[in-house]
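*Asks:* The structure under discussion is supplied below as structure tokens; questions concerning it will follow.
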Amino acid sequence: MQRAGGSTGTEKAALLIARAKNSVGERAAVEEEKADLQRLIEEYERGSIMLEEIESTIETLLSEIPMAEHLRTIKGLGKIFTAAILAGTGDLRQYAHGRQVLRKAGLNLAESTSGKRKGRIVLSKRGD
């Protein structure tokens, strides 16, 4: 299969390799690049460890909340998403209907109309 430009991918790759061999690229900074890569790997590992600690703390806190067990039975809700819902809404028993939770999150439908103009129905984006 050919591209629109007329050259195939292998021809273009061979041309790039040939030009790279004659290039005057700098090769002196190899050690610095290795050190940068090592720092990035260490930073990633530290971030992963912090994330695991945060998840274990969230798991501990969720075990103390009785409403969290009910939310965890919903398929697809993980512990982080469950914690986010409870953090944003508080105790779900205070809401009589699910639409109240949507309204609090700013996800209810609203229509902006004024006099002669009829507006579109959009998400209100007003809420926590």
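*Asks:* Using helices alone, what [θ] at 222 nm do you get for the chain, with -39,500 (n - 2.57) per DSSP H run of 4 or more residues, divided over all residues and rounded to the nearest 500?
*Replies:* Numbers: 5 runs with 73 residues, N = 128.
Using -39500 (n - 2.57) per qualifying helix, the result is -18500 deg cm²/dmol.
*Asks:* Which three numbers, in whole Å and largest first, are the semi-axes of the equivalent ellipsoid of the chain derived from its Cα gyration tensor as √(5λ)? If you can, show how the numbers build up before the last one.
*Replies:* Numbers: eigenvalues 513, 193, 46 Å².
Whole-Å semi-axes of the equivalent ellipsoid: 51, 31, 15.
*Asks:* Counting C-alpha atoms alone, how compact is the stretch 28-94: give Rg to one decimal and Dmax as a whole number, in angstrom.
*Replies:* Calculated on Cα positions, Rg and Dmax stand at 18.9, 65 Å.
*Asks:* Just tell me the longest site-free run in the chain, where the sites are GluC sites (Glu not before Pro) in a DSSP loop having at most 15 other beta-carbon atoms within 10 Å. Mind showing how you got there, number by number?
*Replies:* Numbers: sites that count: Glu26, Glu64.
The segment 65-128 is the longest one with no such site.
*Asks:* Check each of the trypsin sites (Lys or Arg not before Pro) in the stretch 24-91 and keep only those in coil by DSSP with at most 15 other C-beta atoms within 10 angstrom; list them in order.
*Replies:* On the way: sites: Arg27, Lys34, Arg39, Arg46, Arg72, Lys75, Lys79; in loops: Arg27, Lys75.
Passing both the DSSP loop test and the Cβ count: Arg27, Lys75.
Every number in this text was worked out from the coordinates using simple rules, so none of it is lab data. Source: prediction; values computed, not measured. Neighbour counts run over all protein chains shown; Cβ positions are idealised from the backbone, glycine included.
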